[in-house]
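Notes follow once the structure below has been shown.
The values are calculated or read from the model by the stated rules, or taken from the named source; none is laboratory data. Only a predicted model underlies this, so the values are computations on that prediction, with no experimental measurement involved. Glycine gets a Cβ as well: all are built from the backbone with ideal geometry, and neighbour counts include every protein chain shown.
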Amino acid sequence: MRRGNGYDAGTHLAFLLPAPRAPRGHDPGTAVNDSASDLDALCDPLADLLDAGARQRIVERVTRGGRMHDALRRLKTSMAKHGFEGLPSDLGRTVHRLDQRTRQDGFRVLHSWNHETHQFTDDIVPVLMTDYFERASSGEGDPRVVVSILLDYYLLHLLALAAMRAWDTDDPGATLARVTRLLGQLQGPDGSGHQFVADAETLMIYALSQFHPEEHAYDRIITRTRMLPAAQQVAFARVSAAVLGAHLRWGFWLMYERDVARMRDDNVGDYPWLLYSVTTLLRAWSEASDGGERRALAGSLLLGLTADPWAFTGAPPEALEPFAEMHAECRGLLDAHGPQLLEELEGLRPEKDTYAPLSFSFNFPHNALVAVLTMALLEGRPQAMPLNDLWMEEVGGAHASAADKEELARALTEFSRSPERLGYRGALLVAYDPLSALRTYGMTLKALRERLG
């Protein structure tokens, strides 16, 4: 997701730098061990803080006196210093070290890019959001509700930082599973009630959605995800296919005027990641025996394939030429299982009057999550649906109804219509459009049928 696709407010799916070289005399293993130790020093107290009652006590202290302005000022001070009761007094130094290592990898998880100054902000993103709410609300609302949601948003960023350091440990899969458990605590009954994302894999995508000026390929993240257990690779691929699909569909219809060549030229970095995600999902789908799991995987495949179906059914685009072996595997899987896949995709045809994930698109996932958060703050009530529900075909369980999904998607679209929130040539940065879903579905199935017969 390169900076060319129409958004200039400081959010962007990041690019990965080559691994930094260790200084002479420096033992890389020691650095990894130090980082793993710092990761424990972050996650252990977070687990304690997320237990029953701890956040409520913070909210009570911050909101004493009942004035919104005073509450937000206290909250920002504690966020900036990473200084909340229940957390170690030296947590700020731990966060700084983890953040520095993440910057060496080419990422800025806690800060946002300012497109006017061409620098990263001094304040961390949760502080910027608190400032924005204070300006937008004029002191209205229930301080306890607002502070509780913003506190959870701050803690979400610490968990995002933890997720980004998972590969500093001996078992990155277990580390990501730990972050998912902490995320469940964060969004459980003892917090604000606001739902952000469903798992650590999605949280990583959110962390990567900050803009970064270094435009490098996604090869490193692909290599890293291959170190994960198979189930987590599939989870990461599902989120990636959904996000990249939503992003490229948004560009195809709203920015590139249906010119796939322009879209490919402007999103070179996305294509290796997209290929990896689709190939991973095809493998998992072809091996799945459970009907519900196959349907969920087919839904994710549909979202990934709709990003650019011709990239998988024809000759590889220029961006994928260095990945000829993986592209050949992807096409081989399509050829081998094409009739069954087409049959299952037929069962996922979107309908004009029923919510479908294919109807929902955005320029960057960060914007969609921030839009949900902003609406919750301004309305004074937490959002009970994680962002994942809008783009995933789920496997059983209790999930939001199609009507609830459509209500949130339409609300986000209306929120994005505000003149100050419009993007390139007045494009909505978050859009729900059932008619474009039908057109996209038709084009995708046509391309697949022409290849698979």
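A few points about this structure:
- Within segment 93-115, the residues that satisfy the criterion of being surrounded by fewer than 20 Cβ atoms within 10 Å (Cβ to Cβ) and in contact with a Gly (Cβ under 7 Å, 6 or more places away or on another chain) are Asn114, His115.
- Hits in segment 343-380 - residues which are farther than 17 Å from Leu150 by Cβ and surrounded by fewer than 16 Cβ atoms within 10 Å (Cβ to Cβ): Glu343, Glu346, Gly347, Arg349, Glu351, Lys352, Asp353, Thr354
- When the residues of segment 117-170 are filtered to those that are within 29 Å of Asp40 (Cβ to Cβ), of a type in the set (D, E, K, R) and in contact (Cβ under 8 Å) with a residue 12 or more places away in the chain, the one that is surrounded by the fewest Cβ atoms within 10 Å (Cβ to Cβ) is Asp170.
- Residue satisfying all of: in segment 35-48; modelled with pLDDT of 95 or more and of a type outside the set (D, E, K, R); surrounded by the fewest Cβ atoms within 10 Å (Cβ to Cβ) among these: Ala47
- A single member of Val95, Val32 is at pLDDT below 95, within 26 Å of the chain's Cα centre (by Cα), of a type outside the set (Gly, Ala, Ser) and assigned to a helix (DSSP H, G or I), and it is Val32.
- Being under 22 Å from Gly184 (Cβ atoms) and modelled with pLDDT under 90 is a description that does not apply to Gly314.
- If you go through segment 153-173 and keep only what is over 16 Å from Ile205 (Cα atoms) and either among the hydrophobic types (A, V, I, L, M, F, W, C) or touching a strand residue (DSSP E or B) at 6+ places or on another chain (Cβ under 7 Å) (or both), you end up with just Leu155.
- Verdict on Gln100 being in contact with a Phe, Trp or Tyr (Cβ under 9 Å, 6 or more places away or on another chain) and without any contact (Cβ under 8 Å) to a residue 60 or more places away in the chain: no
- Only helices (runs of 4 or more DSSP H) whose full extent lies in segment 251-343 are considered here, and the ones with at least 1 residues that are of a type in the set (D, E, K, R), over 29 Å from Ala427 (Cβ atoms) and in contact with an Asp or Glu (Cβ under 7 Å, 6 or more places away or on another chain) are 291-305.
- Boolean, Arg349 is part of a loop (DSSP other than H, G, I, E, B) and in contact (Cβ under 8 Å) with a residue 12 or more places away in the chain: yes
- Count of residues meeting criterion [under 18 Å from Tyr153 (Cβ atoms) and surrounded by 13 or more Cβ atoms within 10 Å (Cβ to Cβ)] in segment 62-91: 18
The rows are residues; the columns are (1) at pLDDT 95 or above; (2) among the small types (Gly, Ala, Ser); (3) part of a loop (DSSP other than H, G, I, E, B).
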{"site": "Val127", "(1), (2), (3)": "yes, no, no"}
{"site": "Ala136", "(1), (2), (3)": "no, yes, no"}
{"site": "Val146", "(1), (2), (3)": "yes, no, no"}
{"site": "Leu156", "(1), (2), (3)": "yes, no, no"}
{"site": "Trp167", "(1), (2), (3)": "no, no, no"}
{"site": "Ala174", "(1), (2), (3)": "yes, yes, no"}
{"site": "Arg178", "(1), (2), (3)": "yes, no, no"}
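- Unmet requirement for Gln232, which otherwise passes all of (1) outside any helix (DSSP H, G or I); (2) within 18 Å of Leu176 (Cβ to Cβ): (1)
- Checked against (1) surrounded by fewer than 17 Cβ atoms within 10 Å (Cβ to Cβ); (2) among the aliphatic types (A, V, I, L, M); (3) over 24 Å from the mean Cα position of the chain (by Cα), Leu334 passes all but a single condition, namely (1).
- Count - residues of segment 424-440 that are among the aliphatic types (A, V, I, L, M), surrounded by 16 or more Cβ atoms within 10 Å (Cβ to Cβ) and assigned to a helix (DSSP H, G or I): 2
- Residues (closer than 20 Å to Asp48 by Cα and either among the β-branched types (Val, Ile, Thr) or out of contact with any helix residue (DSSP H, G or I) (no Cβ under 9 Å at 6 or more places or on another chain) (or both)) located in segment 156-187: Thr175, Val179, Thr180, Gly184
- Any hit, segment 247-268, residues being small (Gly, Ala, Ser), more than 25 Å from Ala162 (Cα to Cα), surrounded by fewer than 22 Cβ atoms within 10 Å (Cβ to Cβ) and outside the structural domain of Asp171 (by TED's automatic domain parsing): yes
- Beta carbons closer than 8 Å, at least 6 apart along the sequence or on distinct chains, never pair a first residue in segment 441-452 that is free of Cβ contacts under 8 Å to residues at least 12 places away in the same chain and surrounded by fewer than 19 Cβ atoms within 10 Å (Cβ to Cβ) with a second that is assigned to a helix (DSSP H, G or I) and of a type in the set (Ser, Thr, Tyr).
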